[in-house]
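One structure is given here, and the rest of the page talks about it.
The values are calculated or read from the model by the stated rules, or taken from the named source; none is laboratory data. Please read these numbers as outputs of a predicted model, since none were measured by experiment. With ideal geometry, Cβ positions are generated from the backbone for all residues, glycine too; neighbour counts draw on all protein chains shown. These accessible areas exclude ligands, DNA and RNA; they are computed on the full protein's heavy atoms, side chains included. Shrake-Rupley method; radii C 1.70, N 1.55, O 1.52, S 1.80 Å.
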There are 2 protein chains.
Amino acid sequence: MRNKRINVAVTGLFLLTGMAFADDVNVDHDVISKELANNAVLLRERALLDNLSVDIVESLTTEVGPRRVGTEGDRRAIAWAEAKFRELGFDRVWTEEVPVERGWIRGEASAEIVSPYPHNIVMTALGYSIGTNGDLVGEIVEFADFDDLEAVPEGDSLKGKIAFVSYSMADYVPQADEPRMAGYGKGTRARGRGHVSAAKRGAEAIIIRSVGTDNNRYAHTGSGYGYVEDVRKIPAAAISPPDAVLIQNMLKRGEPVIIKMNMSSEITGPVKGANVIGEITGRSDPDNYLVLGAHLDSWDEGTGAIDDGAGVASMMAAAALIGQMEQRPRRSIRVLLFAAEEIGLVGAAAYYDAHQDELDQHILGAEVDGGGGRAHTLISGVGEESVAIVREMYKLIAPLGIAWSDANDATGASDMSVLGKAGMPALNFMQNSNDYFMYHHTPNDTFDKIIPEDMRHLTAAYATVFYLAAEMDVDFRK
Amino acid sequence: MRNKRINVAVTGLFLLTGMAFADDVNVDHDVISKELANNAVLLRERALLDNLSVDIVESLTTEVGPRRVGTEGDRRAIAWAEAKFRELGFDRVWTEEVPVERGWIRGEASAEIVSPYPHNIVMTALGYSIGTNGDLVGEIVEFADFDDLEAVPEGDSLKGKIAFVSYSMADYVPQADEPRMAGYGKGTRARGRGHVSAAKRGAEAIIIRSVGTDNNRYAHTGSGYGYVEDVRKIPAAAISPPDAVLIQNMLKRGEPVIIKMNMSSEITGPVKGANVIGEITGRSDPDNYLVLGAHLDSWDEGTGAIDDGAGVASMMAAAALIGQMEQRPRRSIRVLLFAAEEIGLVGAAAYYDAHQDELDQHILGAEVDGGGGRAHTLISGVGEESVAIVREMYKLIAPLGIAWSDANDATGASDMSVLGKAGMPALNFMQNSNDYFMYHHTPNDTFDKIIPEDMRHLTAAYATVFYLAAEMDVDFRK
């Protein structure tokens, strides 16, 4: 009811001001009909006013919270997602089981500097690390970054020592030829493989400065790339940026810095997750799908608001708003909420395996996994012939202040890259990152970090272009 | 040596540019001699370039860290301060014991929402709260602020319940007639007396939204005003702002929200602290003192960088820089590092008691207890006749971009207010608060929050005006 009322109010406003359909003035109506353009503009304006996406992320973070795969929280998230899809009027709702080879228990993590100056250190286990088996005490040896650690000859020079990679994403300035995220990529090298590299040099454990842009006293967890056969398994942990600075300042004094760590993390046997899928079924071409993705799982210390509640909510809301229109779009729209993204796109791989026979029915995909910031640039990854069509679609969201990129090299973000690499066309909005990497993978990733206006903007952008794509008879592969 | 070199470099620069002594162009040389003005400008410029204050706060936070009165950290801080004063060349260094009636053990604090949706809650005990004696489980009842709680008739309406004051300092906009800090003052009412008010209405415990301006997932600790005879003692704790929002969102759903708290805090018998005092002894009038204050103690979860490492460091550095000049100033300069400020200006009261016979020898005082932000306005609290003299002194720091306030109502901040109220004239710089109340009383109050340029600016401002005051034969009382 509420949405109906808003719809009427917006339409009324447009009639009064005469601005209603001015937005499509440059659109080629041989590509996008006048009626379709009008409907898209109305949808866009309604979505900008509708708080649905914000309400969904509030619901997920309040009623579920942390939801790492294999945990009770994840099971509650799956049930929540099914119920939410139904509540929002999706035509088909189902789950697809995702087996995960190994589970993990975070356990407790504590650390303190024993000498030369006693201090508590804020530390968290990196995902799928083993524990320390009681107290582990060792002298800290600092490495500026992963390359610095790798430069040490393999052997036992770090025997009895704790390797410490102090690389700071916050201080990294990407080179001119590097992508914007280079600072994160550089940080994830030590996060992902540091424990293997350090073990090959004899270290007892590795700690890294958290991969993040903040200076808050949280450790950012995240996934390692697992242990490697024939290399000794050692514990891996992240420490907070202020504690990294503290240790560096101690080390500058030239005395040995001794840390005591205790982590009760544990790798377990297989666990199960599930992809949860909601579909707005197309009225005339139901077996061709536009797919909107996000991941339902989250790390386990915050409530997963920006990573990836924002994606779940904006994609669910975008499809639900399309579903509230007078008729179903021609093609189906599927919202894919993936399992176990955080440990390596496991749910996306399972979806690919289960649906590879119908991959050519996946017409176009997108994923939001970078927080709830507003959309700033539309970037396509479609066949050459379709670029001009997408460009016409773009004209209907350009009034939102969104730029156009000529690159045409989008392959779908996060999970959706699995389908993108297999040939599915993609359409993605680059987003303002707000403070994404300040909160990412920390206890501080909570609902209050969502900026409602930005979430509505992002949702409106996706709703509009995917509505258009669902109504048009375009093969975006060509 | 380092300082000597900088001094020479600065002088050289001035000779080259001819700017050296232009700053005193408007100074009345019947009040401040040309030579004194020149020396003050040189000191000011040297202080702006000297990193001493930053080095001191780094030393305190790295080598000592948390230092709540009565703890091992506080004892180490006292030893650190004595050693640092000596290292910096102070002429006299001593401690004055400060007995504290009660000690307190923080213990552990944990909380979780049990129903309707399980969540871990970030909570910390408020200073000198009792513990919960095991798990304490109760339904949360929200009050918008302290007045809202006080409006409930005394009795047992909150029996079995946990009172929750959700007032947000971050959202408070001071009224036109309120001081800038009104939002903090309003928050400290529930922090200080909420446990008494809630107990009078039958509550089992009280939790408050942290008094702070941030939305980080830390609870801000702080001092209550103690328990009251004939009122049942109940535990008092602060929860993080995001967790306060979470609980409010749950409460909006209309179902009972049940929290389980566990705090092992404990009030103990008497403990001892100490004021630590360093003196640059005056060359001709050693028994009259200019006093620069800060508090050495800190809360126990961060390393006390902004509260009040910044004050300790800027005041020590200001006096030390004066001490590095060619000769001692006429009058003595004392740096007073107070004990136990955080639990109610206990060290300041002890200093007052011990020195009340010589209070009229305390010519002028100042305290920094608002972080390391730069000085923006000079405000005096001196006799009517002295205002014009202070105004002449002000001209020599005006080039730092500092404004002048005509109010002449400063009484000295924090500890120094004890001496100020007893009649000692005061001279204080109002400071940019930076993000003071984002970090204040949390684990996040760490060295990396110090902005070196700002600390040097603050130090230069105090060094310059207190050097002038120490050289001039002015009775600031008149």
Have a look at the DSSP beta bridges in chain A and tell me what percent are antiparallel, nearest 5.
55 percent
One decimal, nm, shortest first: give the distances between the label point of residue A:391 and those of the same position in the other copies, each label point 7 Å from Cα along Cα→Cβ.
7.0
Mean shadow of the protein assembly as shown, computed from the convex hull of its alpha carbons, in nm²?
44.0 nm²
How large are Rg and Dmax for the stretch A:394-458 when only the alpha carbon atoms are used, in Å?
14.7, 40
5 Å is the cut-off here: which amide hydrogens, built 1.01 Å from N in the peptide plane, fall below it relative to residue B:161, excluding neighbours closer than 5 in sequence?
B:204
Taking the highest mean first, how do the peptides A:38-47, B:314-323 order by number of other beta carbon atoms within 10 angstrom per residue?
B:314-323, A:38-47
For the protein assembly as shown, give the share of DSSP beta bridges that are antiparallel, in percent and rounded to the nearest 5; count only bridges with both residues there.
55 percent
Name the residues whose placed amide hydrogens come within less than 5 Å of the amide hydrogen of residue A:376, ignoring near sequence neighbours (fewer than 5 apart) on the same chain.
A:430, A:431, A:432
With a probe of 1.4 Å, find how much accessible area the stretch A:269-378 has per residue, and write the answer as a whole number in Å².
25 Å²
In whole Hz, what ³J(HN,Hα) sequence does the stretch B:203-220 give by Karplus (6.51, -1.76, 1.60; θ = phi - 60°), x for Gly and Pro?
5, 8, 6, 10, 10, 10, 5, 3, 7, x, 9, 8, 10, 7, 8, 10, 8, 8
Helix-only mean residue ellipticity at 222 nm for chain A, each DSSP H run of n ≥ 4 adding -39500 (n - 2.57), per residue, nearest 500:
-10000 deg cm²/dmol
Under-5 Å amide H pairs with residue B:98, H placed in peptide plane, nonlocal only
B:273, B:274, B:275
Using a 7 Å Cα-to-Cβ projection, residue A:266 label spacings across copies, nm, ascending
3.0
Tell me which lysines have Cα within less than 18 Å of residue A:421's Cα, excluding those fewer than 8 residues away on the same chain?
A:478
Which of B:114, B:319, B:419 sits farthest toward the positive end of the charge dipole of chain B, with +1 on the Cβ of Lys and Arg and -1 on the Cβ of Asp and Glu?
B:114
How far, in nm to one decimal, is residue A:284 from itself in the other copies if the label point is set 7 angstrom along Cα toward Cβ? Shortest first, please.
10.1
Anchor residue B:161: lysines whose Cα lies under 18 Å away (excluding residues fewer than 8 positions away in-chain):
B:200, B:233, B:252, B:260
Across peptide A:113-126, how many C-beta atoms of other chains are within 10 Å of each residue C-beta, on average?
2
Note, the stretch B:445-451: 3J(HN,Hα) by Karplus (6.51, -1.76, 1.60, θ = phi - 60°), whole Hz, Gly/Pro = x, goes 7, 9, 4, 5, 7, 7, 9
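Ranked from highest to lowest mean number of other Cβ atoms within 10 Å per residue, what is the order of the peptides B:90-102, B:405-417?
B:405-417, B:90-102
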Could you sort the residues of the stretch B:206-240 by number and keep only those whose accessible area is reduced by 40 Å² or more in the all-protein-chain setting relative to the chain alone, 1.4 Å probe?
B:215, B:216, B:217, B:218
Ranking A:400, B:364 from most to least accessible area with a 1.4 Å probe gives A:400, B:364
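Mind checking A:248-259 for the average number of partner chain beta-carbons within 10 Å of each residue's beta-carbon?
Numbers: counts 1, 7, 2, 0, 2, 3, 0, 0, 0, 0, 0, 0.
Per residue, the average neighbour count from other chains is 1.
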Which ³J(HN,Hα) values, rounded to whole Hz and listed in residue order, are derived for the stretch A:134-147 from phi using the Karplus coefficients 6.51, -1.76 and 1.60 in 6.51 cos²θ - 1.76 cosθ + 1.60 with θ = phi - 60°, glycine and proline given as x?
x, 6, 10, 10, x, 7, 7, 10, 8, 10, 5, 7, 4, 4
By Cβ position, which chain B residue lies least far from the axis that rotates chain B onto chain A, and what is the distance to the nearest whole angstrom?
B:216, 3
In whole percent, and with a 1.4 Å probe on the protein chains, what portion of the accessible area of the stretch B:392-442 is carbon and sulfur?
49 percent
Dipole magnitude of chain A about its Cα centre, charges +1 at Lys/Arg Cβ and -1 at Asp/Glu Cβ only, in debye to the nearest 20?
680 debye
